[in-house]
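Worksheet: one structure, shown below.
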Amino acid sequence: MGHVVAGGTVDAPIGRHPRDRQRQAVTATGKRAVTHYRVLQHYGEQTWLRVQLETGRTHQIRVHMAHIRHPVIGDPVYGGRPRIPPRASTALIDALRHFERQALHARYLTLAHPVTGTQMRFEAPMPDDMRELIALLTEYRDNLHRRVTDEEDDDGDEAEVFYVRDDG
């Protein structure tokens, strides 16, 4: 699966899924689709991204994120089962398993007016359900960091050993 490190670009054509006509997929015969993404915050198994579309294909963010094996939380079509991080709280597990929609939010939308051609920009605040999810993920990350720090502060006699298994 890997880990999204800083950001990148997915430049992969999108078209109808070859077997499931209700879905989109990355296909050689699809139309050009480009998605740029940047990491805003890591939360262990989950990552908050800022995404900018260069093209506008149906389900583009969902398809591209699934294509690079980083599906959107709450996406039953392209996302599969939620990834539950180790030692997650009951509240976080519940939120990840039962998030009622795709965890996508368009903070800004800019488009040309269909009649006048004038640029129009719309802004919307983060919805409550996503703010709550981010709060739970932040709590998880902070608690995980606190556990690691507590383990490092132990005054007992310790040794760390790295080894390579020799099967020969």
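Filtering the range 123-164 down to residues that are polar (S, T, N, Q) and at pLDDT below 95, which residue is surrounded by the fewest Cβ atoms within 10 Å (Cβ to Cβ)? Quick ask: steps written out before the conclusion?
First, the residues of the range 123-164 that are polar (S, T, N, Q): 138, 143, 149.
Next, only the ones that are at pLDDT below 95 stay: 143, 149.
Values: ASN143: 14, THR149: 9.
So the residue we want is THR149.
Filter the range 67-87 for residues that are closer than 22 Å to ARG38 by Cβ and charged (D, E, K, R); which is surrounded by the most Cβ atoms within 10 Å (Cβ to Cβ)?
By that ranking, first place goes to ASP75.
Output the residues belonging to the range 89-99 that are in a loop (DSSP other than H, G, I, E, B) and closer than 20 Å to LEU49 by Cβ.
Passing the criteria: only PHE99.
Quickly run through the range 4-22 and pick out the residues that are assigned to a loop (DSSP other than H, G, I, E, B) and either touching a Lys or Arg at 6+ places or on another chain (Cβ under 6 Å) or modelled with pLDDT of 95 or more (or both).
Just the residues of the range 4-22 that are assigned to a loop (DSSP other than H, G, I, E, B), to begin with: 4-6, 12-13, 17-22.
Within the range 4-22, ALA12, PRO13, HIS17 qualify.
Do we find that VAL51 is of a type in the set (A, V, I, L, M) and more than 21 Å from ARG101 (Cβ to Cβ) in this structure? Can you show your working first?
Values: of a type in the set (A, V, I, L, M): yes; more than 21 Å from ARG101 (Cβ to Cβ): no.
Answer is no for this residue.
Would you be able to say whether some residue in the range 26-47 is free of Cβ contacts under 8 Å to residues at least 60 places away in the same chain, under 18 Å from ARG101 (Cα atoms) and within 12 Å of the chain's Cα centre (by Cα)?
yes
Mind counting the residues in the range 79-122 that are in contact with a helix residue (DSSP H, G or I) (Cβ under 7 Å, 6 or more places away or on another chain), more than 21 Å from ALA135 (Cα to Cα) and at pLDDT 95 or above?
Final tally of qualifying residues: 0.
Sort out which residues of the range 37-60 are crowded, with 16+ Cβ neighbours inside 10 Å and over 30 Å from ASN143 (Cα atoms), and write them in order of number.
Selection gives ARG57, HIS59, GLN60.
Tally time: how many residues in the range 55-82 are in contact (Cβ under 8 Å) with a residue 40 or more places away in the chain and in a loop (DSSP other than H, G, I, E, B)?
Selection size over the range 55-82: 9.
The values are calculated or read from the model by the stated rules, or taken from the named source; none is laboratory data. What you see is a predicted model, and the numbers here were worked out from it, not measured in a lab. Neighbour counts are summed over all protein chains in view; Cβ atoms, including those assigned to glycine, are modelled from backbone coordinates with ideal geometry.
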